[in-house]
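Notes for the one structure printed next.
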Amino acid sequence: MNPFRVVIAGRPNVGKSALFNRLLRQRRSLVHGLPGMTRDTIEVEAPLSDGRTYRLLDTGGFDPEGREEIPAAVREKAVAAIRQADLILLVMDASAGVLPGDRQAARAAREAGVETLVVANKVDRREGSEGEPEAWALGFPEVFGVSAEHGIGVDELLDAIAVRVPPEAGDAKEEDLPREIALAVVGRPNVGKSSLVNALLGEERAIVSEVAGTTRDSADVSLTRDGRVYRLVDTAGIRRKARTERGPEVLSVVQARKRIEECDVALLVLDASEGPTAQDASVASYAHEEGKGIVIVANKWDLASEEGPEASKRFEAQVRERLPFASYAEMLRASARTGRGVRRVLTAAARAADNRRRRISTGELNRVLGRALRDAPPQTIRGMRLRVYYVAQTAVSPPTFTLVCNREEELHFSESRRIENIVRRAADFTGSPLRVSVRGRSTGKGRSRKSRARISR
């Protein structure tokens, strides 16, 4: 059964994203005083108090007067979401009264033939309280006065949503559902992240423009391919801090980094026509330090200055030199514009996600590492040699391997790399970082403390 879809719509800056966050009970959508913060449609699963769920969509501001490329594209995406809705929450600013933009959004809802509830927001203000009755002029049978910022009236609105959501919504048992793989599409501005998302989906879901910074918020969309469920997160471009403007752009970068923390695999998009940059390495390091899987997608390969096997090898050598810490990441050449190489992206992402959860038995680990660590005992950062009693995998996501030794000291980075290379030869960990830690063997006098895990480089 298709999920029940509730779409939040309305003109810019009426509080749609604030209402979205309030209904979701978390700060997911960016909220800022600047109109037009939300551009792409954001879709998430939202809970009801009885355990049922529905799909909640936050749309960009419906600006009927906007003739420029981006406002027009935002309006088109909002209208498309309205047409596919089961219920529309038409938000208006009660403190401003009914404006032409509100009437245009109401007309779009009526033309879609979808049940609509009017949400008169900002009734916590005196002007809003006085202006709430004007909301009836939009011509719909139900009006809810709320303050999304302070939660006033939101419970009544949630009750109205709940009575319309089918009783069986969200009843599927978790164990019956395929495990979702969260993919954060990350990179510098204007490298083609949104174009790649659209190419993977086979539809123009994300707004694409040559204007850097078109994507401001992180937009989620799910798709199923070859029996696997993926959640694609199109994030804002991450620039150097010195080049990041104050206000909305800073919020966008913070949100992008937060979505990296929540993902399973980061799809790092590079511009093949420009080659790898220091900022590409900086973005990749966010995912690496968080222990996320990484797949490198060299986009715009059709625009690369050179083609052929030798050019491809040179480009990959440049990437590996810029990103030495991510040598485990698979690199793909692709063109979101032509579709070349795009089908391989999800396959590589699934492999990285699976490898990030891979386990090796203690017996196999000690068979693989035992002799190597006896013949050449690992060295600490102080130059001391450790006696290794045994090795065990103590975690996944990312895979973490703990050496139980005669004492607890941090390994020299070259030793961590040596151990990582041995483990990688024994099992497929393509796309996943590995962590190596040291723990002193427990004695009768008390338990040892575990050393701080250090990411192998």
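The values are calculated or read from the model by the stated rules, or taken from the named source; none is laboratory data. Note that the structure is predicted; figures quoted are calculated from it, not measured. When we count neighbours, we look across all protein chains shown, and the Cβ atoms used for this are built from the backbone with ideal geometry, even at glycine. These accessible areas exclude ligands, DNA and RNA; they are computed on the full protein's heavy atoms, side chains included. Shrake-Rupley method; radii C 1.70, N 1.55, O 1.52, S 1.80 Å.
Some notes on this structure:
- Residues satisfying the stated conditions in region 323-337, i.e. surrounded by fewer than 21 Cβ atoms within 10 Å (Cβ to Cβ) and hydroxyl-bearing (Ser, Thr, Tyr): SER327, TYR328
- Neighbours by Cβ (under 6 Å, 6+ apart or cross-chain): first from region 258-285, within 15 Å of ALA298 (Cβ to Cβ) and assigned to a loop (DSSP other than H, G, I, E, B); second among the charged types (D, E, K, R) and open to solvent by 20 Å² or more (accessible area, probe 1.4 Å): ALA272/LYS300; SER273/LYS300; PRO276/ARG322
- Looking across region 195-222 at every residue that is modelled with pLDDT under 85 and hydroxyl-bearing (Ser, Thr, Tyr), the one that is most open to solvent (accessible area, probe 1.4 Å) is identified as SER222.
- Condition check for PRO141 on (1) open to solvent by less than 40 Å² (accessible area, probe 1.4 Å); (2) out of contact with any Leu (no Cβ under 6 Å at 6 or more places or on another chain); (3) not charged (D, E, K, R): one failure, at (1).
- Flag for SER282 being closer than 25 Å to ARG424 by Cβ and under 23 Å from the mean Cα position of the chain (by Cα): yes
- Picking from residues in region 320-337 that are in contact (Cβ under 8 Å) with a residue 60 or more places away in the chain and assigned to a strand (DSSP E or B), the one that is farthest from TYR286 (Cα to Cα) is ARG333.
- Consider region 110-137 and keep the residues that are surrounded by 20 or more Cβ atoms within 10 Å (Cβ to Cβ) and over 19 Å from ASP86 (Cα atoms). The one that is farthest from the chain's Cα centre (by Cα) is GLY131.
- Residue match in region 382-393 (condition: assigned to a helix (DSSP H, G or I) and either open to solvent by 60 Å² or more (accessible area, probe 1.4 Å) or in contact with an Asp or Glu (Cβ under 9 Å, 6 or more places away or on another chain) (or both)): no
- Residue in region 310-319 that is surrounded by 17 or more Cβ atoms within 10 Å (Cβ to Cβ), in a helix (DSSP H, G or I) and of a type in the set (Lys, Arg) present: no
- All positions within region 144-159 that are touching a strand residue (DSSP E or B) at 6+ places or on another chain (Cβ under 9 Å) and surrounded by 14 or more Cβ atoms within 10 Å (Cβ to Cβ): PHE144, GLY145, VAL146, SER147, ALA148, GLU149, ILE152, GLY153, VAL154, LEU157
- Among the strands (runs of 3 or more DSSP E) confined to region 104-191, the ones with at least 3 residues that are at pLDDT below 95 and within 24 Å of ARG55 (Cβ to Cβ) are located at 180-186.
- Among the candidates ARG417, ARG407, ARG439, the residue that is within 21 Å of ILE294 (Cβ to Cβ) and open to solvent by 10 Å² or more (accessible area, probe 1.4 Å) is uniquely ARG417.
- In region 223-237, residue modelled with the lowest pLDDT [restricted to those that are within 18 Å of THR41 (Cα to Cα) and small (Gly, Ala, Ser)]: GLY237
Every residue, every condition in (1) modelled with pLDDT of 95 or more; (2) within 29 Å of the chain's Cα centre (by Cα), yes or no:
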| position | (1), (2) |
| --- | --- |
| GLY370 | no, no |
| THR400 | yes, yes |
| ILE419 | yes, no |
| SER437 | no, yes |
| THR443 | no, no |
| LYS450 | no, no |
| ARG454 | no, yes |
| ARG457 | no, yes |
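- When GLU43 is tested against (1) surrounded by 19 or more Cβ atoms within 10 Å (Cβ to Cβ); (2) at pLDDT 90 or above, just one condition goes unmet, and that condition is (2).
- For the condition modelled with pLDDT of 80 or more, assigned to a helix (DSSP H, G or I) and open to solvent by 10 Å² or more (accessible area, probe 1.4 Å), ALA242 does not qualify.
- Search result, residues across region 338-365 that are buried (at least 17 other Cβ atoms within 10 Å of the Cβ), in a helix (DSSP H, G or I) and not hydrophobic (A, V, I, L, M, F, W, C): ARG351, ASP354, ASN355, ARG356
- Of all positions in region 369-381, at least one carries a residue that is basic (Lys, Arg) and either in a helix (DSSP H, G or I) or under 30 Å from ARG231 (Cβ atoms) (or both).
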